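Encoded as structure tokens, the structure appears first; notes follow it.
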Amino acid sequence: MLAATLMILSGLWGFFVGITGVLSGGFYTRVPASYTFSLSPYWWGIVQLCIGAVVFAAGVSLLLGMLWARVAGIALAVISALANFLFLPHYPLWSIIVIALDVIIIWALSTSHVRRLA
């Protein structure tokens, strides 16, 4: 339940960050051309928009109890964390928060099926 809720929130936030990049690219910091993964804020907005929409859909599927959504959620959280690591120079605070959220999602999805003996 925790992972599904966090995935839905992360997907919505990523979607809105993507919309901000597409509509108002000047909001994000421009990085020097020597940065290896130098994309314009518009293209980073497209990437964030797509990842956010897919993470949101997987979170809703996980909330509905679909088993495949657990594996897909872990993979999408890893992809989201990697994309936000590359987005770090553009908006550091946001990227660090989302990476931490993705780590919590991965932990929650990977340990939710473990039964504890008491």
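The values are calculated or read from the model by the stated rules, or taken from the named source; none is laboratory data. The structure presented is a predicted model; accordingly, all values stated were derived computationally and were not measured. Cβ: placed from backbone, ideal geometry, glycine included. Neighbour counts: every protein chain shown.
For segment 45-96, a residue qualifies if it is surrounded by fewer than 23 Cβ atoms within 10 Å (Cβ to Cβ) and of a type in the set (Phe, Trp, Tyr), and the qualifying residues are PHE56, TRP68, PHE85, TYR91, TRP94. Does any residue of segment 27-36 turn out to be modelled with pLDDT under 80, over 17 Å from ALA100 (Cβ atoms) and basic (Lys, Arg)? Yes: segment 27-36 contains one or more residues that are modelled with pLDDT under 80, over 17 Å from ALA100 (Cβ atoms) and basic (Lys, Arg).
Scan segment 108-115 and tell me whether some residue there is closer than 17 Å to LEU2 by Cα, among the basic types (Lys, Arg) and either touching an Asp or Glu at 6+ places or on another chain (Cβ under 6 Å) or modelled with pLDDT of 80 or more (or both).
Just the residues of segment 108-115 that are closer than 17 Å to LEU2 by Cα, to begin with: 108-115.
Retained after the next criterion (residues that are among the basic types (Lys, Arg)): 115.
Then drop every residue that is not either touching an Asp or Glu at 6+ places or on another chain (Cβ under 6 Å) or modelled with pLDDT of 80 or more (or both), which leaves none.
For segment 108-115, residues closer than 17 Å to LEU2 by Cα, among the basic types (Lys, Arg) and either touching an Asp or Glu at 6+ places or on another chain (Cβ under 6 Å) or modelled with pLDDT of 80 or more (or both): absent.
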